[in-house]
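See structure below.
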Amino acid sequence: MVSPVTVVKSEGPKLVPFFKATCVYFVLWLPLSSPLWVSALIKCLPIFCLWLFLLAHGLGFLLTHPSATRIFVGLVFSAIGDAFLIWQDQGYFLHGLLMFAVTHMLYASAFGMRPLALRTGLLIAVLAVLCYAVFYPNLTGAFTYLVGVYMALVGFMGWRAMAGLHLVGAAWRWTELAAGGGALLFMVSDLTIGLDKFCFPVPYSRVFIMSTYYAAQMLIALSAVESREPVEDYRLSKAK
């Protein structure tokens, strides 16, 4: 097990561009009323920096670790989704929703299906159903079904991220903590988007949504560093 102090020393410098790009987004705080390509670029810049963070570990690392590759591709779809959501008032909200649905499927696949942790999955499923029940009276048309499917995918991703989480004992690993924390923050960010769009105006929603979102993406990218399986082990597990 790698110590968290070692992680901060080795990985912290590679995350400096991400932190700077995030600060640029919050300092400039470009209005959403008249979306421009520069707004999309600045919003996506922190995610671009997370691409570079993973690429800094080498193409060989990504090519030999399927879970890290899937997280990288998930970040690519996230950036596309971010760009679509800049123009959500012009009819591109569903496009962004689709991109993030793909992201969650990729992340869930990266986190894997072992251990199963059925109790964790059941708890998250109950919470997802309760959240959907809150949204349901305010949903119309295709959103009635699409929001339900999206929430199921987000919940599934959260289940797989938290399934391997051990906070105490010899089995504790910082990568699982990063994945679980990132998934939890992603779910909170998406829940806030849903409440603000479909239910009622959430005070300071944009600040809360983007701060939890960027933190979630950073933690999920960080969880790929001590990746779960080299490609040889992955092939053996598939063969079984």
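What residue among CYS23, ALA216, TYR204 has its Cα farthest toward the positive end of the dipole of the chain, where the charges are +1 on Lys, Arg and -1 on Asp, Glu, each on the Cβ? After comparing all options, I get ALA216. With the simple model of a label 7 Å out from the Cα in the direction of the Cβ, PHE19 to ARG119 spans 3.7 nm. Among LYS9, LYS20, LYS197, LYS43, the sequence by solvent-accessible area, most first, with a 1.4 Å probe is LYS9, LYS20, LYS197, LYS43.
Normalised by residue number, the volume inside the convex hull of the Cα atoms of the chain is 136 Å³ per residue. Overall, the ratio between the Cα radius of gyration of the stretch 105-173 and 2.2 N^0.38 Å, rounded to two decimals, is 1.31. Among the protein heavy atoms, those of THR64 account for about 50 Å² of accessible surface (1.4 Å probe, every chain in place). Rolling a 1.4 Å probe over the protein chains gives MET162 an accessible area of about 40 Å². Note on the chain: Lys pairs 8 or more places apart or on different chains, Cα atoms under 24 Å apart, count 4. For the stretch 1-130, the dipole from Cβ point charges (+1 on Lys and Arg, -1 on Asp and Glu) about the Cα centre works out to 340 debye, to the nearest 20.
Once all protein chains are placed together, TYR150 keeps about 30 Å² accessible to a 1.4 angstrom probe.
Residue order by solvent-accessible surface for GLU226, GLU11 is GLU226, GLU11, largest first, with ligands and nucleic acids left out and a 1.4 Å probe. Taking the helices alone, the chain has a mean residue ellipticity at 222 nm of -24000 deg cm²/dmol, built from -39,500 (n - 2.57) per DSSP H run of at least 4 residues and averaged over all its residues. Neighbours of MET210 by Cβ distance under 15 Å: Lys/Arg scored +1, Asp/Glu scored -1, total 0.
As a size descriptor, the averaged projected area of the C-alpha convex hull of the stretch 136-209 was calculated at 5.8 nm².
The mean sequence distance of close C-alpha pairs (under 8 Å, at least 6 residues apart), as a share of the length of the chain, puts its relative contact order at 21 percent. In this Cβ point-charge picture (+1 for Lys and Arg, -1 for Asp and Glu), the chain has a dipole of about 320 debye about its Cα centre. Among SER205, SER211, the order of accessible area from largest down is SER211, SER205, computed with a 1.4 Å probe on protein heavy atoms.
The values are calculated or read from the model by the stated rules, or taken from the named source; none is laboratory data. What you see is a predicted model, and the numbers here were worked out from it, not measured in a lab. We place every Cβ from the backbone using ideal geometry, glycine too, and count neighbours over all the protein chains shown. For the accessible areas, the whole protein counts, side chains as well, though only heavy atoms, and no ligand, DNA or RNA atoms are used. Shrake-Rupley method; radii C 1.70, N 1.55, O 1.52, S 1.80 Å.
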